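Peer 1: Pasting a structure here, questions to come.
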Amino acid sequence: MAFWLALAVPATLMISALAQGELAMDLLHPSGELSLRLLVIALLPGPLIEFFGANRFLRGWLALRRNFGVAAFGYAALHLVFYGIDMGAIAPIIAEFTLPAIWTGWLGFALMLAAASISNDAAMAALGRRKWKRVQQGAYVALLFSLAHWVLLDWSWIPAVVHVAPVIIAWALRFVARARRKSSVKGTA
């Protein structure tokens, strides 16, 4: 419970700022950036465990991964709420929908929605581990669309890539671990 309260503090501060007169437009970047950061945190433990092994710290992080992923979706939803408030009506939202900077964000959100909606044990049991995991892996694609959304809106790729760099590094380490396992299997055969 305390963990969820800590995750909710930034949202509470953003909503409070909005209530005190801050423009929704000014809350778009912080809410989107926090969503991306939490998504990165959710995506890291799997590849890191594959490379370093399941130590106590990484197992603990893995146990919290679902929470970070759902929180990432929550901040993406808050980002969408701020976008709707900023736009003021459905017509301008629909008018912008075909812009690459906008539809990439919508697609990333849809993929996060799919993963978040089945982020529970009952859904895993109903879908079976294999299908459930396939939907959850859509979060990696959501990360790519979120990255594209950020870059296309800001026209500055460096901050966005810096945020995603840990996942890139973790996946590189995952490939190294898999290559090591393959070579050790071939060496023993």
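Peer 1: Across the range 16-32, what is the number of residues that are surrounded by fewer than 17 Cβ atoms within 10 Å (Cβ to Cβ) and over 11 Å from D86 (Cβ atoms)?
Peer 2: Here the count works out to 7.
Peer 1: State whether one or more residues within the range 115-135 are closer than 26 Å to N67 by Cβ and among the hydroxyl-bearing types (S, T, Y).
Peer 2: Filtering the range 115-135 for residues closer than 26 Å to N67 by Cβ gives 115-135.
Keeping just the survivors that are among the hydroxyl-bearing types (S, T, Y) gives 117, 119.
Yes, the conditions are met somewhere in the range 115-135.
Peer 1: May I ask you to list the residues in the range 36-50 that are closer than 15 Å to V9 by Cβ and surrounded by 21 or more Cβ atoms within 10 Å (Cβ to Cβ)?
Peer 2: Going through the range 36-50, the residues closer than 15 Å to V9 by Cβ turn out to be 37-38.
Across the range 36-50, the qualifying residue is only L38.
Peer 1: If A148 satisfies every condition in (1) surrounded by 18 or more Cβ atoms within 10 Å (Cβ to Cβ); (2) in a loop (DSSP other than H, G, I, E, B); (3) not acidic (D, E) but one, which is the exception?
Peer 2: Just one mismatch for A148, condition (2).
Peer 1: Looking at I169, I158, I85, which is the one that is within 29 Å of M14 (Cβ to Cβ), free of Cβ contacts under 8 Å to residues at least 24 places away in the same chain and not charged (D, E, K, R)? Before the answer, list the steps.
Peer 2: Numbers: I169 fails: within 29 Å of M14 (Cβ to Cβ); I85 fails: free of Cβ contacts under 8 Å to residues at least 24 places away in the same chain.
Of the residues listed, the single one that is within 29 Å of M14 (Cβ to Cβ), free of Cβ contacts under 8 Å to residues at least 24 places away in the same chain and not charged (D, E, K, R) is I158.
Peer 1: Still on this structure, please answer the following. Could you look through the range 59-79, keep only residues that are touching a Gly at 6+ places or on another chain (Cβ under 9 Å) and modelled with pLDDT under 95, and pick out the one that is surrounded by the fewest Cβ atoms within 10 Å (Cβ to Cβ)?
Peer 2: L62
Peer 1: Can you give me the ranges of the helices (runs of 4 or more DSSP H) entirely in the range 25-142 with at least 2 residues that are under 16 Å from the mean Cα position of the chain (by Cα)?
Peer 2: On the way: elements: 45-52, 56-87, 90-96, 100-117, 121-127, 129-136.
In the range 25-142, the matching helices (runs of 4 or more DSSP H) lie at 45-52, 56-87, 100-117, 129-136.
Peer 1: Tell me, please, whether a residue that is basic (K, R), in contact with a helix residue (DSSP H, G or I) (Cβ under 8 Å, 6 or more places away or on another chain) and surrounded by fewer than 16 Cβ atoms within 10 Å (Cβ to Cβ) can be found in the range 165-181. Break it down into steps so the answer makes sense when it comes.
Peer 2: Filtering the range 165-181 for residues basic (K, R) gives 174, 178, 180-181.
Those still in the list that are in contact with a helix residue (DSSP H, G or I) (Cβ under 8 Å, 6 or more places away or on another chain) too: 174, 178.
So of that shortlist, the ones also surrounded by fewer than 16 Cβ atoms within 10 Å (Cβ to Cβ) come out as 178.
Scanning the range 165-181, I find at least one residue that is basic (K, R), in contact with a helix residue (DSSP H, G or I) (Cβ under 8 Å, 6 or more places away or on another chain) and surrounded by fewer than 16 Cβ atoms within 10 Å (Cβ to Cβ), so the answer is yes.
The values are calculated or read from the model by the stated rules, or taken from the named source; none is laboratory data. Keep in mind that this is a model prediction, so the values were computed, not measured. Positions of Cβ are generated from backbone atoms using ideal geometry, with glycine treated the same way; all protein chains shown enter the neighbour counts.
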